[in-house]
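What follows draws every value from the coordinates through simple rules; no lab data is involved. Note that this is a predicted model, so its numbers are computed, not measured. Note: ideal-geometry Cβ built from the backbone for every residue, glycine included; neighbour counts use all protein chains shown.
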Amino acid sequence: MLVAGLRPPGPGEAPPSGSFRLVLDPGAHVLTMSRKGYADAVANHTFAPGSTTKLTLNLDKLPATLHVASDQSGAIVTVNGVDVGVAPVDVTRPAGTYKVLVTKPGHVTYEAQVVAHAGESVDLRTTLPEEKRSLTSQWWFWATAGAAVAGVAAGTYLLTRQEPEPARPPLNGGGLGWAVPVQ
């Protein structure tokens, strides 16, 4: 049982349990229940002398907010596999753990596991360095390799081919114009 009005004004204190009796003077009162991570529950009620009234105050859990920014404009933000927009972006979700990805073509992907508590804001400022491309992904590498292979093939052909047989003069058939092909 709690008795109102026995202490000087100041910050409230936690009730002894989820359900309790409160004794207070008759008249108008504003009761506020607060808890970290929850929205305040406020009851404005007038109590008659000698009355007993049951009040139920339910506290709603506040959502968490994820604020994601990037040093690269146009970076795409994904939370738990769902595309939520282009950075900077604010995402409101229930309290919990979330997998955040920030991607942009040509840059290294940023990945983080974030724990967001009810009523709190988590601020992520990401840095996306440029991706180092391998030598074999460069266009000029394959153009140079193709030219080298073509040069080696042409050189090998020229060095290993047989000399062509000398061409025979055409058969003129002699004085009678006869020519007999031999197989």
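Between the Cα long axis of helix 139-160 and the first principal axis of the chain there is an angle of about 20°, rounded to the nearest 10.
Each residue in Phe20, Phe141, Phe47 was given a count of other beta-carbon atoms within 10 angstrom of its own, and listing them fewest first yields Phe20, Phe141, Phe47. Put in order of Cβ neighbour count within 10 Å, fewest first, the listed residues Val108, Val23 become Val23, Val108. Ranked by how many other Cβ atoms sit within 10 Å of their own Cβ, fewest first, the residues Tyr38, Tyr98, Tyr157 fall in the order Tyr157, Tyr38, Tyr98. Ignoring aspartates and glutamates fewer than eight residues from Lys132 along the same chain, the ones with Cα atoms less than 20 angstrom from its Cα are Asp71, Glu111.
Taken over the C-alpha atoms, the stretch 2-47 has Rg and Dmax values of 11.4, 32 angstrom.
How charged is the neighbourhood of Ala69? Take every other residue with its Cβ under 15 Å from the Cβ of Ala69, and add Lys/Arg as +1 and Asp/Glu as -1. Net local charge, Ala69 excluded: -1.
Pairs of Cα atoms in the stretch 64-126 fall into 10 Å distance bins, from 0 up to the last occupied one, in shares of 24, 59, 16, 1 percent.
Among all stretches of the chain without exposed trypsin sites (Lys or Arg not before Pro) (DSSP loop, at most 10 other Cβ atoms within 10 Å), which one is longest? Don't jump to the answer; show the numbers that get you there.
On the way: sites that count: Arg21, Lys36, Lys54, Lys132, Arg133, Arg161.
Answer from the scan: 55-131.
Within the same chain, aspartates and glutamates fewer than 8 places from Lys36 are excluded, and of the rest, those with a Cα less than 15 Å from its Cα are Glu13, Asp60, Glu120. Each listed q (0.10, 0.14, 0.16 Å⁻¹) maps to a log10 I(q)/I(0) for the chain from the Debye sum over equal C-alpha point scatterers, namely -0.75, -0.94, -1.02.
In this label model, Arg133 and Leu158 are separated by 3.3 nm, measuring between points 7 Å along each Cα→Cβ vector. Between the beta carbons of Thr92 and Lys54, assuming R0 = 30 Å, the FRET efficiency works out to 0.35 to the nearest 0.05.
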